[in-house]
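Report on the following structure.
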Amino acid sequence: MLHIRLIALGNLKESYWRCAVAEYEKRLGAFAKVDIVELKEYRLPESPSPAEIAAALEREADAILNAVPQRSFLVALCVEGKQFSSPELTDQLSHVMRQNGALTLVIGSSHGLSARVKSAADLRLSVSKLTFPHQMMRVLLLETVYRSLSILHGTKYHK
């Protein structure tokens, strides 16, 4: 069974996001073991300098990389990442299941991810060219993975 770890900076404040995440965790349970790790977002002043942002991203990178299991296929969500159709992502996940058995997805803070996390990633993924709130991205990403695993297992979810 595939082991999925979702590493996200910050926590879900609103109950409707927590309910949506819980629903997809439950659905994914038919195909994978899901583990969500929430890491603390480094606090910055209201108008941070580029140097302060870079330092915060590096501190967050330490926590992120320490939370990645060994031999896990690491996917970093970032604007410059590759975009896939649902069937294409399904092919990618199928490969991960055969080769690694473990998938780690990383959603950075509001300032993104450090170059160190991006370079450590096996895949840089962009869900869309649009910008979404980080809390919504967690739900979108879990739904996307659920859809791909549904395709892979031949269920009727994907139309």
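We did not get these values from a lab; they are worked out from the coordinates using the rules stated. From a predicted model like this one, the values you see are computed outputs, not experimental measurements. Ideal geometry is used to build each Cβ from the backbone, glycine not excepted, and the neighbour counts take in all protein chains shown.
Helix-derived [θ] at 222 nm for the chain: sum -39500 (n - 2.57) over DSSP H runs of at least 4, divide by residue count, nearest 500? Before the final figure, lay out each step's value.
Values: 5 runs with 70 residues, N = 159.
Roughly -14000 deg cm²/dmol at 222 nm, from the helical runs in the chain.
So between Ser119 and Ser47, what do we pick up on full extension, going 0.36 nm a residue minus the alpha carbon distance? Show your work: numbers first, answer last.
Numbers: separation 72, 0.36 × 72 = 25.92 nm, distance 2.73 nm.
Result: 23.2 nm gained on full extension.
Just want to confirm a number: the relative contact order over the chain, from Cα pairs under 8 angstrom separated by 6+ residues, in percent.
Working: 232 pairs, mean separation 51.0, N = 159.
Across the chain, relative contact order equals 32 percent.
Dipole size in debye (nearest 20) for region 1-46 around its Cα centre, Lys and Arg Cβ +1, Asp and Glu Cβ -1?
On the way: 8 positive and 7 negative charges, 31 e Å.
About 140 debye.
Starting from the Cα gyration tensor of region 89-149, take the square roots of the eigenvalues, sort them a ≥ b ≥ c, and report rounded, prolate or oblate (rounded when a/c is under 1.5, otherwise prolate if a/b is larger than b/c, else oblate). Write out the running numbers ahead of the final one.
Numbers: a/c = 2.26, a/b = 1.29, b/c = 1.76.
Judged from the Cα gyration tensor, region 89-149 comes out oblate (a/c at least 1.5, b/c at or above a/b).
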### Query
How large is the dipole of region 60-159 about the Cα centre if only Lys and Arg carry +1 and Asp and Glu carry -1, each at its Cβ, rounded to the nearest 20 debye?
220
#### Entry: the chain: radius of gyration over Cα atoms, expressed as a fraction of 2.2 N^0.38 Å
1.02
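Nearest 5 percent is fine: what portion of the DSSP beta bridges confined to the chain is antiparallel? Numbers along the way, then the final one.
Details: 1 of 23 bridges.
Close to 5 percent.
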## Note on the structure
For the chain, the charge dipole (Cβ of Lys, Arg +1; Cβ of Asp, Glu -1; about the Cα centre) points to a positive end, and the Cα of Gln92, Ala54, Ser126 closest to that extreme belongs to Gln92
